[in-house]
Amino acid sequence: MSTEIRVPQLPESVADATLVTWHKQPGDPIRRDENLADLETDKVVLEVPAPANGVVSEIRVPSGTVVTSGQVLAVIEEGAAAPARASAPAATAAAPSSSPGATAKPAAPQKVAQASASAEAPRDAGRLSPSVRRLVEENHLNPAAIPGSGRDGRLTKADVVDYLGRKPAPAAAVAAASAVPPPASVSSPATAPVVSALPLARAAVARAPAPAAGARAEQRVPMTRLRARIAQRLIEAQSTQALLTTFNEVDLTAIQELRARYKDRFEKERGVKLGFMSFFVKAAIAALKKFQVLNASVDGNDIIYHEFYDIGVAVSTDRGLVVPIVRDADTKDFAQLEKEIADFARKAREGSLAIEDLTGGTFTITNGGVFGSLMSTPIVNAPQSAILGMHKVQERPMVVNGQVAVRPMMYLAVTYDHRIIDGREAVQFLVAIKDALEDPGRMLLGI
């Protein structure tokens, strides 16, 4: 029975998607729920799973094509013929290489190869994120040979890039020669990857010899949809909002002492580490409740005051910056916030965030301090009206009660839309965050 594979229903905020990579070609067997192709939207990479076991009989859309909800991508033939058709080419290919005096010897390597393939299949099919799988397949790598640094030994994109940089050239050539599928399916213009030039370019740079002295090399690489969308939104924010940034600094002595006192017990009882981010989310919510206009947004000539607190936490990934949303953050305790933020960070690195994770938000927190930034002016995540920027914690001499003391200090920045937020409100909002962080008891007492 023939079954059409269609583009999944995309959310209302996503008009279309780009078909980035096909993981199967016509004639390939496929298992139920195995990933058939990757679709890249403005926010995330979506997988297209197979609805049943069978064989891919037809691919109707080449890589690089922009597709919409419900569009037919491929056709598979359901049934029990898949295992027989998959094993037939292996037997045919083995016949020409056998000699009359060694007819029984090729059987052992074939069994080893089959056992190896079956052992690697679960890792390739179920444990690789779309971006990692794409990079592995484009460079004809064996995922089982690459050490994984992610959770439960999962491969990350950094693991693959690092492996490509360390892999010797002869071994790479042999591995590529043994893993390359038939030339017709690779060189066909209809199936050649178009949008996947970036990982290939990175891999080529990692393996290519150093350019000669004085060489002026260039590379032209198309933007991914996510990078293009980020660029568009940043330009829109700066052209439609009256952005202004105010700064302050906060002494994190009390927070550090509190974490040092309770971090072991907190992790043991709550199952998650006590970080800085939960304190900043709590402090921001306390300040937003006092100055609600910073939790508002503009719609035409109207100001929409949100009576809920969906806090976006910016996360940097290989594909670009994403902002997953912690829903109803004001109702969650420190452990719940830490767990949800850590889970979002893991999903972002693995490329497994859902569109629902990135939709909405009333206020955003970004932390440039993880990269060593001391001070910056973050750009508001429109249609929100404000964003809090955290920075590097650095010990500096400060005057405390008339005495010079070394304190862990952090610069804070709030960028806000001056159309609806006055400077007085923005400054007092940032001071409220500073006061809450320097005296954490305020957050517990609600004062």
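The values are calculated or read from the model by the stated rules, or taken from the named source; none is laboratory data. Treat the numbers as computed from the prediction; the structure is a model and nothing was measured. FYI the Cβ positions are ideal-geometry reconstructions off the backbone, even for glycines, and counts take in every protein chain you see. Side chains included, ligands, DNA and RNA excluded: accessible areas come from the protein's heavy atoms. Shrake-Rupley method; radii C 1.70, N 1.55, O 1.52, S 1.80 Å.
Structural remarks
- Among the residues making up region 66-86, those that are within 23 Å of residue 128 (Cβ to Cβ) and modelled with pLDDT of 85 or more are 67, 73, 74, 76.
- One residue from 415, 366, 362 being open to solvent by 30 Å² or more (accessible area, probe 1.4 Å), hydroxyl-bearing (Ser, Thr, Tyr) and under 30 Å from residue 41 (Cα atoms): 366
- Near pairs, Cβ below 8 angstrom, 6+ apart or cross-chain, from region 280-307 (in contact (Cβ under 8 Å) with a residue 12 or more places away in the chain and basic (Lys, Arg)) to any residue that is buried (at least 18 other Cβ atoms within 10 Å of the Cβ) and in a helix (DSSP H, G or I): 282/334; 282/337; 282/436; 290/429; 290/432
- Taking each residue of region 421-447 that is touching a residue at least 40 places away in the same chain (Cβ under 8 Å) and over 9 Å from residue 287 (Cβ atoms) and looking for partners that are among the acidic types (Asp, Glu) and not in a helix (DSSP H, G or I) with beta-carbon atoms closer than 7 Å, six or more apart or interchain, yields 438/251.
- Filtering region 295-330 to residues that are on the phi > 0 side of the Ramachandran plot and not in a strand (DSSP E or B) leaves 300, 328.
- Pick from region 1-37, criterion closer than 30 Å to residue 233 by Cα and of a type in the set (Ser, Thr, Tyr), ranking: surrounded by the most Cβ atoms within 10 Å (Cβ to Cβ): 21
- Only listed residue being surrounded by 14 or more Cβ atoms within 10 Å (Cβ to Cβ), at pLDDT 95 or above and not small (Gly, Ala, Ser), chosen from 443, 409: 409
- Residue 268 vs. criteria out of contact with any His (no Cβ under 6 Å at 6 or more places or on another chain), without any contact (Cβ under 8 Å) to a residue 12 or more places away in the chain and surrounded by fewer than 17 Cβ atoms within 10 Å (Cβ to Cβ): yes
- Index of the failed condition, residue 274 passing every other in (1) open to solvent by 40 Å² or more (accessible area, probe 1.4 Å); (2) in a loop (DSSP other than H, G, I, E, B); (3) at pLDDT below 95: (1)
- Within region 277-296, tally of residues that are surrounded by fewer than 20 Cβ atoms within 10 Å (Cβ to Cβ) and in contact with a His (Cβ under 9 Å, 6 or more places away or on another chain): 1
- For residue 193, the stated conditions hold: it is touching a strand residue (DSSP E or B) at 6+ places or on another chain (Cβ under 6 Å), modelled with pLDDT under 75 and surrounded by 15 or more Cβ atoms within 10 Å (Cβ to Cβ).
- First in region 239-261 and touching a residue at least 12 places away in the same chain (Cβ under 8 Å) and in a loop (DSSP other than H, G, I, E, B), second anywhere and open to solvent by less than 70 Å² (accessible area, probe 1.4 Å) and not hydrophobic (A, V, I, L, M, F, W, C), Cβ under 6 Å, 6 or more apart: 241/417; 252/408
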